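Scroll down for the structure; my scribbles are underneath it.
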Amino acid sequence: QANMQWGGRFAAGPAAIMNEINASISFDQALWRQDIRGSLAHAAMLCKVGIISADDLKAIEGGLAGIAAEIEQGTFPFSDALEDIHMNIEARLSERIGEAGKRLHTARSRNDQVATDFRLWVRDAIDGVVAQTESLMATLAKRALENASQPMPGFTHLQIAQPVTFGHHLLAYVEMLGRDRSRLLDGRRRLNQSPLGSAALAGTSFPIDRHMTAQALGFDGPTRNSLDAVSDRDFALEFLGALSIQAMHLSRLAEEIVQWTSTPFNFASLSDAFTTGSSIMPQKRNPDAAELVRGKTGRITGDFIALLTVMKGLPLAYAKDSQEDKEPVFDAVRAITLSLAAMDGMVADITPNRERMREMAGAAFATATDLADWLVRELKVPFRTAHHVTGQLVAMAEKRDVALEQLPLEDMRTVEPRIHQGIYSVLDVDSSLASRTSFGGTAPENVRCAAQEWLARLNQA
Ligand code: ARG
């Protein structure tokens, strides 16, 4: 039997596999709220410009409300043969209200309809991810304030480099997430134009008011070119691109949590709430949630590449390939939503091992740069020379298996005779930290200010 939405031209129905590859209802039913919202705006506009009657509008509004209730209650008869959410709802509307339902699709195509629905869905998703991002930023900033003077080793090449504070380290992620947030909002601004009324590809001969529907749906205005409006998906790509970058940031933090809580690092621990055990090794405590945040980054990046690849060869305007736009976006949103929530929980949960972090902050001659800086400041030695002198002192300490501050003054003087007692004042971890007061540096005072600034900006102070 031919399709009821376009059967006029068809003698026979589709092959079973045609239906199977074509139908998107299994996943695009997620768009039902947006689809109804778009239809309500479209119908109100059709009525206002005189294309449908006020009675028709009333019937459509009532019918769509009934459909919304059916979907919410789980009684809506979703049908694969009706392909997608748009035709499922439209067919059901006609079933419920007859003629008026059949007028709804005037001056509209599924092409502008799906582009509109999907923009509305992505816009909501952006708002959700932004809210979660702000929550995680606030949690990080709170933990940073609490750890503004807690020393930990700063690394480069994963080799102990210079002491930093744990608070400073956490605030680095607040900065990254702040940029992630602004990328999302930036994409939201560009997304916020209404494709509705672009019709199939060329616009319509009906006297529609696209400004009216745009406004009703919370868009800043209508899109300016009908071909572009029905065929481009860059709003979804921008969103996935922003999520890929954000997931990469979350993955780095997750990786650090895995390292910090590892037995050899022993910098921090997660409570039972964020730890799993082993089915065979009774002693194990595994940071699975952190590992999964790290792991989910793979699928989010994959989702971005998947849609980018779908879009890259499509001629204007719409082609059915575009139906492949939804699942990657849904998948990425599910993954980032879980990741942000789990990360928020872990950051609130994690307990630093204060003694161990402090001990490692000063290990491996971590204050050697402070020593070189002292030579420059006190003895007016050029930095490159100071670097060399310090290197010799480190070699001496290493040979004796002692820390820099354990080298006696007379031995240091064999390398540079002008060194005096004052040098010992810069070799301990706390002095090193306190001295890093340059803007953006790790000094506890800086960290406290920066954390408080973020908390105020995030309205949590
Ligand atoms: N389900 C389709 C999609 O998601 C809706 C648009 C179909 N348009 C068409 N001309 N076949 O892209």
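The values are calculated or read from the model by the stated rules, or taken from the named source; none is laboratory data. Everything numeric here is computed off the predicted structure, so don't read it as measured data. All Cβ positions, glycine included, derive from the backbone under ideal geometry; neighbour counts span all protein chains shown. SASA here: full protein model, heavy atoms, side chains in, ligands and nucleic acids out. Shrake-Rupley method; radii C 1.70, N 1.55, O 1.52, S 1.80 Å.
Kindly establish whether S39 is surrounded by fewer than 19 Cβ atoms within 10 Å (Cβ to Cβ), within 16 Å of the ligand (Cβ to nearest atom) and among the hydroxyl-bearing types (S, T, Y). Break it down stepwise before answering.
On the way: surrounded by fewer than 19 Cβ atoms within 10 Å (Cβ to Cβ): no; within 16 Å of the ligand (Cβ to nearest atom): yes; among the hydroxyl-bearing types (S, T, Y): yes.
Spelling it out, it is not the case that S39 is surrounded by fewer than 19 Cβ atoms within 10 Å (Cβ to Cβ), within 16 Å of the ligand (Cβ to nearest atom) and among the hydroxyl-bearing types (S, T, Y).
From the list R143, R110, exactly one residue is touching a helix residue (DSSP H, G or I) at 6+ places or on another chain (Cβ under 8 Å), open to solvent by 50 Å² or more (accessible area, probe 1.4 Å) and in contact (Cβ under 8 Å) with a residue 24 or more places away in the chain. Which is it?
That would be R110, the only listed residue that is touching a helix residue (DSSP H, G or I) at 6+ places or on another chain (Cβ under 8 Å), open to solvent by 50 Å² or more (accessible area, probe 1.4 Å) and in contact (Cβ under 8 Å) with a residue 24 or more places away in the chain.
Answer with yes or no whether A138 is under 24 Å from the mean Cα position of the chain (by Cα), touching a residue at least 24 places away in the same chain (Cβ under 8 Å) and either more than 13 Å from the ligand (Cβ to nearest atom) or buried (at least 18 other Cβ atoms within 10 Å of the Cβ) (or both).
Taking the combined requirement at face value, the residue satisfies it.
How about segment 93-126: which of its residues are away from the ligand (no atom under 16 Å from the Cβ) and charged (D, E, K, R)?
Once the filter is applied, which keeps residues that are away from the ligand (no atom under 16 Å from the Cβ) and charged (D, E, K, R), segment 93-126 yields E95, R96, E99, K102, R103, R123, D124.
Looking only at segment 373-394, count every residue that is part of a helix (DSSP H, G or I) and loosely packed, with under 11 Cβ neighbours inside 10 Å and tell me the total.
Qualifying residue count, segment 373-394: 1.
May I ask you to list the residues in segment 349-372 that are in a helix (DSSP H, G or I) and either open to solvent by 50 Å² or more (accessible area, probe 1.4 Å) or β-branched (V, I, T) (or both)?
Those that are in a helix (DSSP H, G or I) and either open to solvent by 50 Å² or more (accessible area, probe 1.4 Å) or β-branched (V, I, T) (or both): R354, E355, R356, R358, E359, T369.
Determine whether A361 is in contact (Cβ under 8 Å) with a residue 12 or more places away in the chain and within 25 Å of the chain's Cα centre (by Cα).
Taking the combined requirement at face value, the residue does not satisfy it.
Residues of segment 275-307 being open to solvent by 80 Å² or more (accessible area, probe 1.4 Å) and in a helix (DSSP H, G or I), which ones?
L292, R294, R299, I305
Among the residues of segment 311-348, what is the count of those that are under 30 Å from E134 (Cα atoms), open to solvent by 60 Å² or more (accessible area, probe 1.4 Å) and within 13 Å of the ligand (Cβ to nearest atom)?
1
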